[in-house]
1. Per 5 Å bin, what percent of the C-alpha pairs of region 86-215 does each bin hold, from zero upward?
2. Using the structure shown, list the pairs from Lys110/Lys186; Lys35/Lys157; Lys36/Lys157; Lys117/Lys208; Lys117/Lys186 with a Cα-Cα distance above 22 Å, or answer none.
3. Considering all projection directions equally, how large on average is the shadow of the alpha-carbon convex hull of region 141-259, in square nanometres?
4. Please compute the volume of the convex hull spanned by the alpha-carbon atoms of the chain and report it per residue in Å³.
5. Tell me, which longest segment in the chain has none of the GluC sites (Glu not before Pro) that fall in DSSP loops with at most 10 further Cβ atoms within 10 Å?
6. Which number comes out as Rg/Rh for region 79-118 once both Rg and the Kirkwood Rh are worked out on C-alpha atoms?
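Just so it is clear, none of the values below were taken in a lab; they were calculated from the coordinates. Just so we're clear, the structure is a prediction, and the values are computed from it rather than from any experiment. Don't worry about glycine lacking a Cβ; one is built from the backbone with ideal geometry, like all the others, and counts go over all protein chains shown.
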Amino acid sequence: MVKGLYTAYTGMINEQNRMDIMTNNLANASTVGFKKEGATSQSFDDILTVKLKDSSIGIDNAQKIGTRNPGVRIGENYTDYSQGSFRITNNTYDLALSGEGFFAIEFTNKANETSTKYTRAGQFTLNKDGYLVTQDGDYVLDTQNRRIRLNTLIDSKIDDNGVIYQNGQNVAQIQIADFTNYDYLKKYGETYYEPLEGAEKIVATDAKVTSGCLEMANVQIVSEMVNLISITRAYESNQKIIQTYDNTLEIAVTQLGKV
């Protein structure tokens with residue numbers, strides 16, 4: 001009977017994990033270029049079935065299935081890379097990407113170490129030296145992995161391919177990179193992504209750059225609120241199960257012994 005307590009407990013832990021992810025999505029509903037996240041879970045019988053049918057160690061060899069836990073197991077989190085809506089700003093250096101692809105950014109951490117990160121947040125500007133940078137001051141890279149420097153006294157025009165023109169001259173082209181498998185991308189902060197070992201970088205072929213627009217978060221607030229209510233109800237259900245078991249155990253300990 002006590003095993004039911006642990007089953008309900010794992011259900012509460014799973015719902016708490018889902019709640020944490022959901023609230024982070026809601027908190028970043030206004031963040032430019034943010035991609036919402038989701039959570040997965042696995043039931044005990046699913047895991048047990050896979051283990052029993054796993055013959056990778058040999059048919060004649062016994063295989064341990066680990067500590068028996070008939071509850072739910074928290075799976076991996078995932079990122080939804082679907083495109084968000086565009087917001088018009090009419091600012092030349094505000095860029096939005098349609099299709100698959102990322103802007104390449106030269107990121108510098110607190111230890112003054114530089115690395116290349118990738119983002120969909122195209123809220124760029126020119127610093128005092130004329131370099132195209134993000135809101136945090138990180139440099140936007142061109143197709144040759146170089147910093148982009150422009151003349152601050154001349155107006156710029158950016159076409160669909162990310163080519164920057166000043167006085168009708170092609171002065172730079174913003175790098176639009178893509179990856180064959182997004183499973184090899186790890187989230188860094190809220191809007192940056194870094195490639196893991198095994199990531200295969202390619203040139204984005206179907207990406208289109210729109211100047212004067214920003215891609216907003218792909219978070220649907222109404223949908224997230226509905227899921228939030230569902231998670232709360234599931235958490236409360238598991239909580240009531242634990243309370244029921246607690247009352248049953250109390251009766252077993254304090255009253256059955258008197259009979």
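1. Reading the bins upward from 0: 2, 11, 21, 25, 21, 12, 6, 2, 0.
2. Violating the 22 Å limit, Cα to Cα: Lys35/Lys157; Lys36/Lys157.
3. For region 141-259, the mean projected area of the Cα convex hull comes to 14.3 nm².
4. Here the figure is 191 Å³ per residue.
5. Counting only loop sites that pass the neighbour cut-off, the longest clear stretch is 1-112.
6. We get a ratio of 1.07 for region 79-118.
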